[in-house]
Structure formats: structure tokens, C-alpha cells
Amino acid sequence: MASTEEIAPEKYEEQHVHEVYEQIASHFSSTRYKAWPIVKQFMQSLTPGSVGLDVGCGNGKYLAVNHDVFIIGSDRSSNLVKIASQHQPHAAIVADTLALPHQAASFDFAISIAVIHHLSTPERRTEAVAAILECLKDEGKALIYVWALEQKDSRRGWDEGSEQDLMVPWVMKIGKKNSPSGEATEKTFHRYYHLYRSGELESNIAAAGGEVVESGYEKDNWWAICKRKQIES
Amino acid sequence: MKVLTLNFLTCAVKACKSSSDSFPLHPKDCELVSDELEVNSALLTNVLTRVDWKALTTTAAELGFPTLPATPPTPEELAGDEKMLKELHTLLMETQINEGKLVCGHCGHEYAVKEGIANFLLPNHLV
């Protein structure tokens, strides 16, 4: 675990996740516009008028996929929410994944794409899955995406046996106009990630009281579609 | 923030969620603006079947809008009544809370809305 003994996980994430996104928001957003195929397919399969959540919506790129449903996106970064709120007909609010301001059992669907891998303890990652599941109606489904440890063909080259908790650099290019020195330069930020092993996302879902409907691997990421476990009567 | 959005929001404090007083949140000192948006009748008609009409009635009254009918229009009624569709579109999709507060009726916490964006991050003592 990357969090140290002295720092509470929420403080650690504040410093190594939230503050970084707040600072890189605009540059990050300009690089995040292409919808991943599995997510696009999930969003396009929804019934018109469905109401759902995009937990950790970032710049709201998935709010652009389906205009016949109503999505409330939420993110910790107000700079990213400002960008996300421009996607009509949807909505975007600033909120914490572990304290979502939504009614239980009220939503047709939820997505959380590349978000819960930023939480720094297994308990908090499971709690995040539970928080998302809690918002779903009985028949509601959530699609969760996380970065995979097993990605030996990626630019990063991590694989089984690599460290799972790490700081990943984000290099932001700063143009002449915005640079104090007047010269084009770059600045490196580090974000905390927990890279998921095969089967780990499914374990989080089970521990959160959910059941996996379908799961798989897509380009360096693990994904799972899950729902609340139905209590047998 | 759309009036429709308020129908899907409650207090972020865990202890409030089980209380019926926490929903809907109450707008306070709100400045409203209108953002023109194209009518999507399929979206609106189907979203209405998921809207908590009683809560919407409360929200509309608190924001100073004329009283809504006692029951929501059915999809059939809406299909034959373009005026009603347009009015609901204006209220739910186009009317925005630009500045103001949203207050929980259970704990009294006030969430700020600034430049159209509501902030639900809790202060430490409420987490």
C-alpha cells in the first residue's frame, strides 16, 4: 500500500489524486475525448429516459455518448466538473464517491470509469463499489473500469509481479504564453494508482454485496458490469 | 443546475439518507437562469416516469413556479399536448439554479451552488 502510517487515506488521496487533477484538469481534458468501446456500447444499450450516474465523470466524455438518457456526473475536481457540465442534456456536480448525494435504489444505471483505482486502501475501493451499487434499482446495472496490472504490451510495460500501488507521472507541457520564464517548458505531476490484478475487481464487487453480470479486459483495463445481489425470498 | 437534477439529489451525509426530510433538498436564495435547449420528447416523456412527482411539486413551489397538477401527465397525455411538453421542458431542462444554496431538511447543512454547479463535498465534521 502506498499510503504511509502517518497519513489518513483520505488526506493521501487529497494530495496525490484530487489536487493533481485540479491542476491538470484542462490539459487532461484535452487528451480525453475518445470513448472506450465497451463503455460506448454499454451507454448506447440504455433505454431512452433511463436515469443514471457517472461517478468520477472527469471531463464528462461519456456524457457525450447518449443524449436520450439523463446522467448526473460527479467528480471531486471542480475544474473538471465545469467542463463536464457543458454536456447537454446531462448534469454534473462536485461530490465525493464515498459520500454521494443520491437516493438509494433509484437509478437505472451507473458507470465509474478509471476512478476507483485512485482510492488507496482495499477497504475504500470496496466501499466505493458499495456506494455505487447502493444507488441502483434492483434491476439496475453498473459498469466499472479500472487500470490493469497486466499490461505488458503497453507503453508502461507493467505486468504480473510489478508493484500494484504506485505514483504515475503526468507530464504537462506549458506553452511560452503560460510559462513564467517565457520559454516552453513542462511540469510533471504524480497521481496515485492501485493497479488491479486479474479477478481483483470481481472480489471488490463480491465484498461490496454485488454480483458480476459480465466482466473482461479491454486495452490495459479490467472492467465489470455488476448489479446488487438479489436477496432470495 | 437543472431543476430536474434536484429530483435525483439528496443530502451527502450518510445519517440523513434514511430520513424522508432529506429529500428533496430545499433551494434557498436562488438565482435562476434559463438555458435554451432543444426539446427531446422521447427523453422527457420517459424521464417523467422516473421523476418523483411529489418532490418535483415541492421544488417547483419553493422556486416560485405555478402549482403543478396533482399527478404527472401520462406518456399518452404528453404525446397529444405539445404545450404541456414544452412547459415541462422549460421547467425541468431549461431552468437552472445559477447561484444559491440547497438545504437538507434533516441536518440543515447548506450546499452551495456557484456558477450553476452544486458542491456536495462535506466539511470534515460531517464526513
With every protein chain kept in place and a 1.4 Å probe, segment B:3-126 has an accessible area per residue in Å² of 50 Å²
Computed curve, segment A:13-157, Cα-only Debye sum without solvent term, log₁₀ I(q)/I(0) at 0.14 Å⁻¹, is -0.64
Calculate how steeply helix A:122-135 sits against the longest principal axis of the alpha-carbon atoms of chain A, using the helix alpha-carbon long axis, and give the answer as 0 to 90 degrees to the nearest 10.
50 degrees
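Accessible area per residue for chain A in Å², computed with a 1.4 Å probe and the full protein assembly in place, what is it?
45 Å²
Using a Förster radius of 30 Å, what is the FRET efficiency between B:Val39 and B:Asn119 based on their Cβ-Cβ separation? Nearest 0.05, please. If you can, show how the numbers build up before the last one.
Details: r = 30 Å, r/R0 = 0.99.
It comes out at approximately 0.50.
So for segment B:3-126, averaging the separation of alpha carbon pairs under 8 Å that are six or more residues apart and normalising by length, what relative contact order in percent results?
Numbers: 162 pairs, mean separation 46.4, N = 124.
Reported relative contact order: 37 percent.
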Of the accessible area of chain B, with the probe set at 1.4 angstrom, what percent is carbon plus sulfur?
51 percent
Once exposed loop GluC sites (Glu not before Pro) are cut out (DSSP; at most 12 other Cβ, 10 Å), longest piece of chain B
B:39-114
Quick calc of log₁₀ I(q)/I(0), segment B:3-126, Debye, one scatterer on every Cα, no solvent, q values 0.09, 0.17 1/Å, result -0.27, -0.89
Please list 3J(HN,Hα) in residue order for segment B:21-36, calculated via the Karplus relation 6.51 cos²θ - 1.76 cosθ + 1.60 where θ = phi - 60°; whole Hz, with x for glycine and proline.
6, 7, 9, x, 5, 9, x, 9, 6, 8, 9, 9, 10, 10, 10, 5
Between chains B and A, the summed loss of accessible surface on complex formation, probed at 1.4 Å and reported to the nearest 100 square angstrom, is 2300 Å²
Residue with peak Gaussian network fluctuation, chain A [Cα springs, cutoff 10 Å], from A:Ile111, A:Ile38, A:Ile71
A:Ile38
In a solvent-free Debye calculation with one equal scatterer on each Cα, what is log10 I(q)/I(0) for the protein assembly as shown at q = 0.13, 0.15 Å⁻¹, listed in the order of the q values?
-1.06, -1.37
So what J values fall out for segment A:81-92 if you push phi through Karplus, 6.51 cos²θ - 1.76 cosθ + 1.60 with θ = phi - 60°, rounded to Hz, Gly and Pro as x?
4, 4, 5, 4, 5, 7, 8, 7, x, 8, 9, 9
Name the residue from B:Ala118, B:Leu92, B:Cys107 whose Cα lies farthest towards the positive end of the charge dipole of segment B:3-126, charges +1 on Cβ of Lys and Arg and -1 on Cβ of Asp and Glu.
B:Cys107
Return a whole-number percent for the relative contact order of chain A, with Cα pairs under 8 Å and 6 or more residues apart as the contact set.
18 percent
Highest-fluctuation residue, A:Tyr192, A:Tyr62, A:Tyr217 considered, GNM on chain A with Cα pairs under 10 Å
A:Tyr217
Dipole magnitude of chain A, debye to nearest 20 (Cβ charges: Lys/Arg +1, Asp/Glu -1, about Cα centre):
1000 debye
Straight-line reach from B:Lys14: which lysines have Cα under 27 Å away, leaving out those fewer than 8 places along the same chain?
A:Lys11, A:Lys82, A:Lys137, A:Lys141, A:Lys227, A:Lys229, B:Lys2, B:Lys28, B:Lys54, B:Lys101, B:Lys114
Over what distance in Å are the Cα centres of segment A:83-148 and segment A:186-222 separated?
13 Å
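The values are calculated or read from the model by the stated rules, or taken from the named source; none is laboratory data. Because the structure is predicted, anything quoted here is derived from the model rather than measured. Here Cβ is always computed from backbone atoms with ideal geometry, including for glycine, and neighbour counts include all displayed protein chains. With ligands, DNA and RNA removed, areas are computed over all heavy atoms of the protein, side chains included. Shrake-Rupley method; radii C 1.70, N 1.55, O 1.52, S 1.80 Å.
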